[in-house]
Each structure stands twice: as C-alpha cells, then as structure tokens.
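Read the structure below first, then the notes.
Values quoted throughout were computed directly from the atomic coordinates according to the rules given, and no laboratory measurement underlies them. Source: prediction; values computed, not measured. Here the Cβ is made from the backbone with ideal geometry for all residues, glycine too, and neighbour counts use every protein chain on show.
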Amino acid sequence: MLRRNFLQRLGPLGATLAAAPGLVAFTNEPAAKRGPNPPYLKPGDYVGITCPAGTIDQKEARYAEVMLGRWGFKTKLGNTIGKNWNQFAGTDEERAADFQRLLDDPMVKAIIFGRGGYGTMRMMDMVNWEGFKKSPKWLVGYSDITAFHCHVNRNFGIPTIHARMAGGFGTIEDESEISLRDALSGKPEVYRWRPLPLNRQGHCEGILVGGNLSLIYAMQASSSELDTTNKILFIEDVSEYKYTVDRMLMNLKRSGKLSKLAGLIVGGFTATKAEGEGYFTISMEEIIFEKVKEYGYPVAFGFPAGHQRPNLALKFGMQFQLNVSNDICVIAEPNGLNPMLPIPFGHDSITAPIDSLPIPL
Amino acid sequence: MIQVPPYLRKGDTIGLVCPAGFMAKEKTDACVEILGKWGFKVIIGKSVGSQYHYFSGTDEERLADLQEMLDNPEIKAILCARGGYGTSRIIDDINWKAFRKNPKWIIGYSDITVLHCHLFQKLGMASVHAPMAGAFADGEDEFVLSLKKAITGNELSYTIENHAFNRTGEVSGPLIGGNLSLLAHLTGTPSMPSLKGAILFVEDVGEYLYNIDRMLLQLDRAGKLKNLAGMIIGGFTDCKDTITPIGKTAYELIADRISGYSFPAAFNFPVSHDKFNVALRVGLNHTFKVEHTQVTLKGKP
C-alpha cells in the first residue's frame, strides 16, 4: 500500500521533470516543488478577467480592457464581472465556475483577477487544477488572491504574479501597470529601492513567495500552507491593527515559517488601524523586525508593493537575487541583473525615482 | 489521560497575573475582595498594573511574573486578570518543570486561550476558561460564582434554551476551546490541539464578519472541524461588517461553515466577552446533549 502510494506520487513528479528539464538549475530547492513556468504573453494573446472574491463593475472592466488592448492583448471577460451576491461577485459556486472556465480555456494565457476583498479561499477548493498543471497560465492579483499564490506555489510550484488587478486599472498607465505588462511579457524583473533604517544588510538568492500577511496566515496548517524554507518571503497588509500584525507574525514564527528564510522583503503596511490602541506605540517596522532579529538573513523594508501606489509586479515562484546594502536594495531575476551597469532607483523602465511615501488606495 | 490539578480549599492562595495586555491595578480590587470573601488568599503579581506600551510589562517581566506564580508551591491557582494580546509572545519561554510536578489551575479567557490550548496539547493539563478580574466589578453574579464552583471541584452543569440553528445529538469528549481569533492564531503552531473527538467551544468579540468566516474556514481547511464530537458556539459580540455587507449574521456564517458535518451543535451558549460567560473546565470530559427543547453541558470534576 505504501509502495503504491509512493509510485503514484512519483508518477506526476516524473512527468513534471520531463516537461521542464531546466529546473535542475535550482539547486537549493527540491525539484518537485518547481512546476513549469507559464509561457509569457505575445501580442494577440488573450487575458481573462474574473472575480473570485469581490466584484468589479463593467466600467472598471472596460478600463482594464482598454489598457490590455494598448499592450496588444485581447480580453475575455468572465461572467462574475458586475455580479453581486452580498460582498462577493456571485456565489462560491458561480465564482469557481467562472474561474474554471477561464482556467481551462486554451486561448487564455493569463488571468487577471478583478479585485480582492474576501472570498478566494471560499471557492478555491472547488477548482479543478488538472488542466492548469498541464498547461499553466499566469494568475495575476494580490491581497485576497494570496490564497491562490500560496496554494499554487505549495501544490504545483507554478509561478504566479503579485500585481495590481483589473479593478485598479485607471485611464493613465502608471508604473504599477507598466511593471505588470513587463512581467507578463517576460522582461526579467529588476527593482531598486531606497533602504530603510531597520533593514538587515546581506545578499541571498531564492524563490520569491508570499503576499498578504492575513492570507498567508489563513493558509496555515492547510494543504495550501506556504513552504518558506530557503525562500525570499514578501509580506504586505492593509487596515490591520498593530497587535493583529504582531499576532499573525507570532503565528508564522511559532510555526517555524520565519527561521529558514533566505530573505525577507516587506511591502506596504498601510492604513493601519489605531483606535483603542493608544498604547501600541511600537512602529510596524519594529514589530516586524523583532520577529526576525535572531536570524541572519537580509531584511528589506519599504518595497513598493501592496495596498498602495505604486504596487509593482512581483513574480512569485521564481528565483530572485536580493541584495540589501547601505545605500540600495535590489531584487532581480538572475538573468535580469547586470551588476556592472550604473542604475537609477525604481523600476528600470521608469525614469522617475520611487522615493515617495506609499499612498493608501 | 488528562491531568487535573488539585481543587481549591478555603485558605488556599490564588495568584493574580497579567500575561498579556495592561490592566490598572485598581481594576482588580473587586476581584481580590470577592476571592477573599470566598476564603482564598490572594497574591498580586508584579505584572498587574505594570505597563510597557500596550502590554503589562515587557515580555521578560510578564514571563518572570507568571513563572514565579507557576513555581511557587503555595499558589494553588493562577487567575489571569486580563487578556488583550501577548500570551503567545512568552509561552515558548515558560519553564513547566515545577508546574508539571505541582500542577495548579490556570484561569482566564480571550488571549488566555493560548494557555488553555498549550496546556491541553503539550502538557495534558486541565485549566479553567472563565471570567477574569474585570468581571468581578459587577459583584457575585452567576457567572462569577460559576468560577468558584469550577475551581472548588463541583460538577458543572449548564442548561440553556434551544436555538433555531442547533443540531441535535448527544456526545461526550474533552472540552476545548476559547476565542476564535486565538484558535486561528495557534493553527500551525505546536500549541494547537488536534481537536479530534473534542467538543469545541468558540466565542469572539469585535471581529469583522468576513474574518469570522475566514477564521472558521481556516480551521476547517486545516482539518480542525471534520473530526469534532460537537461544537458550542458562544457569543460573537460587537461584530463589524464591511461597507458592502456580507449579508449574514455571525451565527448564519458559522452554521453554513459547519453544514457539511453532522456533529451536534449549540448556538448562543453563555461563553462570551459579554457578562454571559460561565466557567468551563478545559480538557476534562463533558457530556453535551442537544435536544429540540434544550441544551445541556455537564462535566464531572
């Protein structure tokens, strides 16, 4: 019985290895954890838009459609757009079915989710991932979509994109959207940002994982639980009390999720709640750093992603180098960085430096 | 299997500590007075009235105070004066050696759920989920008096009226639970009980409705609900909602979340952040009977 289980498990692993021979290059990761990369998008490819949590209206979908069209992509809109069932874009079954349709549509090369809110983990277990495992596509979103990021990374090792969603697209293309376009098109990611006082300097390499802290926390001890060993962990959150952030981080720490990181990148912790919390005067950075101070890996605060502008695209499930020094923080895909080039701050396709404070949406 | 600390007799000493949030010392006056009236001596720990930002002292100070109470053989029970947040910041640094040899009752709720779960899971020790110091301000009501019964070795028997969402059945098993946010907080850590065969009780305060749903879904996806013997749903007080309402009450969300399972369940049980908060002996075997007319929960000492 045990042997049969073992062979059953070996089956798909063998298939994965055969499908993606290049993955042996990731030496500090068990090969089984790396699935194939979704193909990057070419002009004329279809992008699906669906709402697994909260809804977006037709006007918001239209903005996204126009923007994607400008990038050369066609759009397929799911039927959850404009749909309302309490605070969700349809019932759990409806949202799962809409996502499933786009997931299994061979024309669709990427799915950009409408918005976060809450609800992805209510429909996630209804999804059949078999087609996606065989022919993966890019899943794009953040906040509540972290449930997908964690589940897909843990179970299939297929990369996903943490980025602005369809509901956040405006009429003017900004750096968040440009970074998403570049990520979808396969341009290697290189970001530089200004160091903050509590950073811990160092250099590391590892697969980037993470997302919204509340959702990483909500996946704990489930089949979607994030494996953080040797990973670069990115976290962000919005509208939480400081004590809640402390409590969530204590959960990650007490369950061993912070002790074996390759590195930690902290995005926006915005719109922090304070009412009734007059005494919690420790800063958010101090709260976070306290949980990791006993370890030695690099820690970089202030990465411009999360519930803020800009919210730069990050490819989860892919190998990155993180360098935290006295005067600059850099995260880059190994093939994206030429250390000899003098480089400005910010996303390298953008001329303006990213030195503004995060602006909550 | 579960170890039961010795019940208290007149003349025994109870230690008062604050392992989490800050509490002004004078707010424990009524509690100290009533415990005295019951015939107990009270030792007030240094953490009561002490303050470090939000907490009742630094982690080191709160730990030292709790440790001293655990190690002092004269102290027969430790009453946590207040919850808040902070117990899990010190729990991994507690030395349980003296406590194992000389067990005593640990009392509290809310953030103290961390201690209840840890004691059950890691030490196999019973504890008391009950009103804390603040509740004594209103005098000796039935809820405060239920604590006296719990620590002096009486049978605890609670009968409440039916609720429309109840699911009938009769089961027995160890009673475990506490604050839902803290159960979610312990999920994935070594302090979290398996909950297999357990009667789980939950309550919470001031949470967003979507978050109540998310936390229950978290417990369910972590396999914590599927093997329950029964479930007791206490008060979900001062719930908050998002701008676009979730469209359901806390009890409706909970009823939906457990609809796939067949264990008996009772709603509106008097365990809450409100004054309706009876003492429950965590870890001890209880019988839980949900009938069409009423609900009874009984636990022998």
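Summary of packing: across the peptides A:106-112, B:157-163, the per-residue average of other C-beta atoms within 10 Å ranks them, highest first, as A:106-112, B:157-163. Peptides A:297-303, B:90-96, ordered by how many other C-beta atoms sit within 10 Å of their residues on average, highest first, read A:297-303, B:90-96.
Taking the Cβ of B:Ile258 as the center, what net charge do the other residues with Cβ under 11 Å away carry, scoring Lys and Arg +1 and Asp and Glu -1?
Residues close to B:Ile258 contribute a combined charge of +1.
A simple charge model with +1 on the Cβ of Lys and Arg, -1 on the Cβ of Asp and Glu and nothing else charged puts the dipole of the range A:46-185 at about 260 debye relative to its Cα centre. What relative contact order, as a whole-number percentage, does the range A:46-185 give when Cα pairs under 8 Å and 6 or more residues apart are counted? Reported as a whole number, the value is 28 percent. Per the Debye formula on identical point scatterers at the alpha carbon atoms of the protein assembly as shown, with no solvent, log10 I(q)/I(0) at q = 0.07, 0.08, 0.09 Å⁻¹ is -0.49, -0.63, -0.79.
Cα extents for the range B:156-299 along the principal axes, largest to smallest and rounded to whole angstrom: 42, 36, 30.
Shielding of peptide B:188-198 by partners, expressed as the average count of other chain Cβ atoms within 10 Å per residue Cβ, is 3. Relative contact order of the range B:98-187: 36 percent, from C-alpha pairs under 8 Å at least 6 residues apart in sequence. The mean count of C-beta atoms from other chains within 10 Å of the C-beta of residues in B:105-113, rounded to a whole number, is 0. Positive end of the dipole of the range B:1-149, charges at C-beta (+1 Lys, Arg; -1 Asp, Glu), about the Cα centre: which of B:Ser127, B:Ser110, B:Ala20 has its Cα farthest in that direction? The listed residue farthest towards the positive side: B:Ser127. Each residue, A:Asn335 and B:Arg100, gets one label point 7 Å from its Cα in the Cβ direction; the gap between the two is 5.5 nm. Shielding by partners for peptide B:208-216, expressed as the average number of C-beta atoms from other protein chains within 10 Å of each residue's C-beta, is 4. One chain, two ends: B:Asp138 and B:Thr244. Fully extended at 0.36 nm per residue, the span grows by 34.4 nm beyond their Cα-Cα distance.
Semi-axes of the equivalent ellipsoid for chain B, computed as √(5λ) from the eigenvalues of its C-alpha gyration tensor and ordered from largest down, come to 30, 21, 19 Å. The residue list B:Leu195, B:Ile246, B:Gly260 was ranked by how far each Cα lies along the charge dipole of the range B:156-299 toward its positive end, using unit charges on Cβ atoms, and B:Leu195 comes out on top. Basic side chains Lys and Arg get +1 at the Cβ, acidic Asp and Glu get -1 at the Cβ, and with that the dipole of the range B:156-299 about its Cα centre reaches some 460 debye. Among the listed pairs A:Lys260/B:Lys97; B:Lys226/B:Lys275; B:Lys149/B:Lys224; A:Lys253/B:Lys97; A:Lys242/B:Lys240, a Cα-Cα separation exceeding 20 Å is found for A:Lys260/B:Lys97; B:Lys226/B:Lys275; B:Lys149/B:Lys224; A:Lys253/B:Lys97. When shorter helices are ignored and each DSSP H run of at least 4 residues is given -39500 (n - 2.57), the per-residue value for the protein assembly as shown at 222 nm works out to -7500 deg cm²/dmol.
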